[in-house]
Amino acid sequence: MSAVVILIAVLIALAFVLAAFSVRVLRPYEKGLVERLGKFQRVLDPGLNLIVPFFDVVQKVDMREVVIDVPPQRVITRDNVSVEVDAIIYIQVTDPFRARYEISNYIVAASKLAQTNLRNVIGELDLDSCLASRDNINSQLRDVMDQATDKWGVKVNRIELQRIDPPADITDAMSRQMKAERDKRATILQAEASRQADITKAEGYQRAQVLQAEGEAEAVRKRADAERYRQIAVAEGEAKAIGSVFNAIHESKPDDKLITLKYLEMLPNLAKGDANKIFLPYEASGIISALSAMVEGMRPNGGSSRARLPQAPSDAPPAHSASPVPIDLEQS
């Protein structure tokens, strides 16, 4: 009875051992390669998998993206400048079978391949292109390495250049060049600002001159309009005054003596000025003398204003002569 119990216990233990060796659990980011007696059988997916114990061996492959740091190295550019370059590679296994059996260590191989291709790509560029075209260098490296690693079942997702360090003397020269370029740009901007300020000032002065000229023209026009209106108003006032005087004279029904008196009072006003002269026919001198005497007799005190009329000379020509005699009128 005890021997049977022991046998059953041994069989149960053996079953547990066989079950443990027959089950393989793979994580979500892993895949398994089953080898039976040294020969590849199949690929296991993540989860619970059964294998033949003691005959099958499972090789796990990590399918996650791997970051590889390429060691810094000296590279000669096309213009013979030695620069120190390092990069980072992001690769990922796409075919676990080829990643396991086509290359012994794809991480080391990718790092060495990146170093070699860095020398080739940067060696075809000058220093300025290397510093200004990092994206182009990254793209070229990725394309070259992707073709080389495709047979390994590995895909190069991207390559990033961390730094490109020229020698110290080149760095100093570049710093001086950059400073000179910035100084030049600052000088150009300052000159441009000064020129723009001068243009703005000139335009403002020109605009002020135009506005001043327009204002003066408007003032002259307004003064001319005011003078025209003044002259019109004066003329209208004089016309009204003349009309009033005319109406007053006609309403008073003046006689010939009053008309003659008014006529003679206007003669001094007509003669104001150095160039004003009145020419009367010689025959009118006698009539004017008689009128002057009559006017003097009509004034109460003999008047303060008088018109001095020239006396006809004794040897004057006959009365029928038509030669005009100048008369100077003055107001005392």
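Any read-out appearing in this document is the output of simple, stated calculations on the displayed coordinates, not a laboratory observation. Quick caveat, the model's predicted, so the values are computed rather than measured. FYI the Cβ positions are ideal-geometry reconstructions off the backbone, even for glycines, and counts take in every protein chain you see.
Percent of C-alpha pairs per 10 Å bin in the range 1-136, short distances first: 10, 25, 19, 16, 13, 8, 4, 3, 1, 0. Over 21 Å between C-alpha atoms is what I'm after, so list which of LYS179/LYS201; LYS201/LYS222; LYS60/LYS151; LYS112/LYS155; LYS60/LYS155; LYS31/LYS151 land there. Result: LYS179/LYS201; LYS201/LYS222 exceed 21 Å.
Over the C-alpha trace of the range 168-253, radius of gyration and Dmax come out as 36.4, 125 angstrom. Modelled spin labels at ARG228 and VAL17, positioned 7 Å past Cα toward Cβ, are 13.3 nm from each other.
For the range 101-165, the alpha-carbon coordinates run over 43, 19, 16 Å along the three principal axes, in decreasing order. Debye-formula intensities of the range 2-61, expressed as log10 I(q)/I(0) at q = 0.15, 0.18, 0.22, 0.24 Å⁻¹, are -0.52, -0.64, -0.81, -0.90 (one equal scatterer per alpha-carbon, no solvent).
Sequentially through the range 204-212, phi angles give Karplus couplings (6.51, -1.76, 1.60; θ = phi - 60°) of x, 5, 4, 5, 5, 5, 5, 5, 5 Hz, Gly and Pro residues having no value and appearing as x.
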